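Below is one structure, written out as structure tokens; the observations come after it.
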Amino acid sequence: MKKIAIFASGNGSNFEAIAKQANGFEIAFLFCDRKDAFVFERAKKLGIPTRYASIIKEKENYEKVVMSFLEEFDVDLIVLAGYMKLIGKDLLSKWEGKIINIHPSLLPKYPGTHSIEKAWENRDSEIGITIHYVDQGMDTGRIIEQHAIKLNPNWDLVETEKQVHKLEHEYYPKVIAKLLGEK
Ligand code: GRF
């Protein structure tokens, strides 16, 4: 069975969606860099091991600590799901091509934060998600898949966000299973 690590920093709805639709792979552990993140509650309920490190406490050792977790669990793929940090040089060079991320916009449109809000404010005709490999930039890596839907002009921001997250929860687990099947 292929194993993945999920890196998250906050709510963890993607983490939970992946856990519940893990088909042909398992989540070896959750890594989270914020002690009070809600994703820890979700992991506890799902019985998934967790690891924590804080960049403030660990400083220049942070990535070394993260890499020691990856070695401990011997994972095949790192899945970023709301992980609010760039991946550093050492981790990236060791794991290049094996780290993926999900972003709530049709990249290259709206990298960074508040992407859904920006698409909604601009009254874009289409909104969507991008699943991509991770490189040194912010939301710049090679695109694996994108999925779009029409932005209904009657949707408020809350509804628009709901629709985008629905796409994320539907497609992220499938893409992970597909990539691991190819390895
Ligand atoms: C998602 O919209 C994801 O695309 C972005 O951060 C958000 C994380 O949400 N990178 P959650 O923590 O999975 O609920």
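Is it the case that V164 is among the aliphatic types (A, V, I, L, M), over 20 Å from G24 (Cα atoms) and in contact with a Pro (Cβ under 7 Å, 6 or more places away or on another chain)?
yes
Any idea which of (1) in contact with a helix residue (DSSP H, G or I) (Cβ under 7 Å, 6 or more places away or on another chain); (2) more than 19 Å from V39 (Cβ to Cβ); (3) away from the ligand (no atom under 12 Å from the Cβ) is the one E159 doesn't satisfy?
So E159 meets the others, but not (1).
Given region 10-86, what helices (runs of 4 or more DSSP H) lie entirely inside it while holding 3 or more residues that are free of Cβ contacts under 8 Å to residues at least 40 places away in the same chain, surrounded by fewer than 21 Cβ atoms within 10 Å (Cβ to Cβ) and not acidic (D, E)?
Qualifying helices (runs of 4 or more DSSP H): 39-46, 55-58, 62-73.
Could you tell me how many of the residues in region 111-135 are aromatic (F, W, Y) and under 15 Å from L167 (Cβ atoms)? Explain how you work it out, then say what you get.
Filtering region 111-135 for residues aromatic (F, W, Y) gives 120, 133.
With the extra rule that they be under 15 Å from L167 (Cβ atoms), the set shrinks to 120.
Total satisfying the criteria: 1.
Would you point out the residue of region 1-58, among those that are in contact with a helix residue (DSSP H, G or I) (Cβ under 7 Å, 6 or more places away or on another chain) and hydroxyl-bearing (S, T, Y), that is nearest to the ligand (Cβ to nearest atom)?
By that ranking, first place goes to S13.
Every residue in region 124-156 that is within 16 Å of the ligand (Cβ to nearest atom), touching a Leu at 6+ places or on another chain (Cβ under 9 Å) and charged (D, E, K, R), please.
D135, D139
How many residues does region 156-171 hold that are touching an Asp or Glu at 6+ places or on another chain (Cβ under 7 Å) and hydrophobic (A, V, I, L, M, F, W, C)?
The qualifying residues number 1.
The numbers here are math on the coordinates, done by the rules we state, and not lab data. Quick caveat, the model's predicted, so the values are computed rather than measured. Neighbour counts are summed over all protein chains in view; Cβ atoms, including those assigned to glycine, are modelled from backbone coordinates with ideal geometry.
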